[in-house]
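Encoded as structure tokens, the structure appears first; notes follow it.
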Amino acid sequence: MPSFDIVSEVNQVEVRNAVDQVNKEVSTRFDFKGSDARVESADKTLTLYADDDFKLKQVTDILTGKLAKRQVDVRSLKYGNVEKISGNKVKQAVTVRTGVEQDLAKRIVKLLKDSKLKVQGSIQGDAVRVSGAKRDDLQEAIALVKKSITDFPLQYQNFRD
């Protein structure tokens, strides 16, 4: 039976390279001279540090620009709340979301059921497997999901005939 998987993946190497580029640019820019602005990278979390809200916004803009240049979809970033550290210094946690979240997976399966296409969607961990009798139905399902889900980056992999 033909099938494919709907997944959401982010290239962690490209994210790390973008973080390195941001830190290099921040250290050389004149408007950040003497400032403690930087980006630290943990497993799937980036932490942005800056002296005030304005500089934090600038670091965020630089980060999104560098990620976009490296073909990392910025829709996979989830920004946390801005926290004050000491004095005017602030930090913000940014989560790099990978995998299709449970509520989004349920939304995709419901969308496929309501579409009256002859396909079935099943949640498999952090992916959604879509199977159907005909290849054309699967291609219509891909087009439907691409058109309907625009707030989260999705990839379509493992297309089997």
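None of the figures in this text is laboratory data; all of them are computed from the coordinates on show. Being a predicted model, the structure only gives us computed values, none of them experimental. Ideal geometry is used to build each Cβ from the backbone, glycine not excepted, and the neighbour counts take in all protein chains shown.
Observations on the structure shown:
- Placed amide H near Asp73: partners under 5 Å, 5+ positions off or other chain: none
- Whole-angstrom gap from the stretch 87-145 to the stretch 7-21, using each part's C-alpha centre: 21
- Packing-based exposure ordering (other Cβ within 10 Å, fewest first) of Thr95, Thr60: Thr95, Thr60
- Amide H to amide H distances under 5 Å link Asp52 with Val90, where only residues 5 or more positions off or on other chains count and H is placed in the peptide plane.
- The stretch 12-96: relative contact order as a whole-number percent, Cα under 8 Å and 6+ apart: 30
- Bridgeable aspartates and glutamates around Lys118 (alpha carbons under 19 Å apart, same-chain partners fewer than 8 residues away excluded): Asp5, Asp136, Asp137, Glu140, Asp161.
- Pairs of Cα atoms farther than 14 Å apart, the stretch 27-101, %: 62
- Helix 12-28 axis versus longest C-alpha principal axis of the chain: approximately 20°, rounded to the nearest ten.
- Too-long pairs where the Cα-Cα distance tops 28 Å, listed order kept, from Lys24/Lys84; Lys66/Lys110; Lys55/Lys78; Lys44/Lys84; Lys106/Lys134; Lys84/Lys147: Lys66/Lys110; Lys84/Lys147
- The order of the peptides 39-51, 110-122 by mean Cβ neighbours within 10 Å, most packed first, is 39-51, 110-122.
- The stretch 91-153 - percent relative contact order, Cα under 8 Å, separation 6 or more: 25
- Intensity falloff of the chain expressed as log10 I(q)/I(0), Debye formula with alpha-carbon point scatterers, at q = 0.13, 0.17, 0.19 Å⁻¹: -0.69, -0.93, -1.06
- Relative contact order (percent, whole number), the chain, Cα cutoff 8 Å, 6+ residue spacing: 33
- With Cα atoms, 0 to 90° folded angle of helix 135-148 axis to the chain main axis: 40
- Sorting 146-152, 133-139 by their mean Cβ neighbour count within 10 Å, with the most densely packed peptide first, gives 133-139, 146-152.
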